[in-house]
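Chemist: Following this message is one structure expressed as structure tokens.
What follows draws every value from the coordinates through simple rules; no lab data is involved. Every value quoted in this text rests on a predicted model; they were computed, and no experiment measured them. Every residue, glycine among them, receives a Cβ derived from its backbone with ideal geometry; neighbour counts consider all protein chains shown.
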Amino acid sequence: MIGLLIFLGIVAVVVFYAIAVYNGLVALRNQFKNAFSQIDVQLQRRYDLIPNLVETAKGYMKHERETLEAVIQARNQAATAARAVEADPTNAMAMRELGGAENALSGMLSRFFALSEAYPDLKANQTMMQLQEELSSTENKIAFARQAYNDAVMHYNNKRESFPDSIIAGSFSFTAAQLLELEEKEARKPVKVSF
């Protein structure tokens, strides 16, 4: 009888531990999904600013139509990739595509701003200066939100991969979350401007 009670006590402890681990994994998964939604808010703000920036520059940069169109195309691709991740933040492929699209957009924006330096009237335009300041502020907010997201993903992945939590994570299909990695290599390269 005592042996049965000890056995039932051990089973109860194991069950309660498994429930606690499962609930912890659910909470961490929801935390990184929420962290992505914070990035999404800032990305949407960025996507909304870019057409205004391009529209303001159109009158001054008549000879740079190709660059202006490339910026809008990169913006649209990044927005599409962001929608795919928003639908399922656990989709690693969609997260990688978003990173690639954001890298391309950052590169195009760098090129755009480098070209805009050649137009003194555009640089002095109040609307252009205000939009650049808002975009710069948004870029900083994206960086902070991305850092918070990546921290939440790392915490979730660590918990998911730690033993014995990994047994429960594997049993209930808790898949690894993908970091949002944005390479700034393209943005740091010098832009070649030719007229």
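Chemist: Quick check: pseudo-label points 7 Å beyond the Cα along Cα→Cβ at residue 58 and residue 12, how many nm apart are they?
Modeler: 7.2
Chemist: Just to check I understand the Karplus step: with θ = phi - 60° and J = 6.51 cos²θ - 1.76 cosθ + 1.60, what whole-Hz values come out for segment 20-37, glycine and proline as x?
Modeler: 5, 5, 4, 5, x, 5, 4, 4, 5, 5, 5, 5, 6, 5, 5, 4, 5, 5
Chemist: Using 0.36 nm per residue of separation minus the Cα-Cα distance, give me the extension gain between residue 166 and residue 23 in nm, one decimal.
Modeler: 50.1 nm
Chemist: Restricting to Cα pairs below 8 Å that are 6+ residues apart, what does the relative contact order work out to for segment 105-187? Please round to a whole percent.
Modeler: The value is 35 percent.
Chemist: Given a Förster distance of 22 angstrom, what is the FRET efficiency for residue 45 paired with residue 147, based on the Cβ-Cβ distance and rounded to 0.05?
Modeler: E(calc), rounded to 0.05, equals 0.80.
Chemist: Using the Kirkwood formula over every pair of different C-alpha atoms, what hydrodynamic radius in Å results for segment 39-172?
Modeler: 16.6
Chemist: Here's another thing I want to ask about it. If you look at just the Cα atoms of segment 48-109, how large are its Rg and its Dmax in Å?
Modeler: For segment 48-109, the Cα radius of gyration and maximum Cα-Cα distance read 13.4, 43 Å.
Chemist: Continuing with this model, one more query. Any chance you could run the full-extension gain for residue 127 through residue 84? It's 0.36 nm times the residue separation minus the Cα-Cα distance, nm to one decimal.
Modeler: Separation in residues times 0.36 nm, less the Cα-Cα distance, equals 12.3 nm.
Chemist: What is the spin-label model distance, in nm, from residue 37 to residue 91 if the labels are put 7 Å beyond Cα along the C-beta direction?
Modeler: 1.8
Chemist: Once you keep just the Cα pairs under 8 angstrom separated by 6 or more residues, what percentage relative contact order results for segment 46-195?
Modeler: 32
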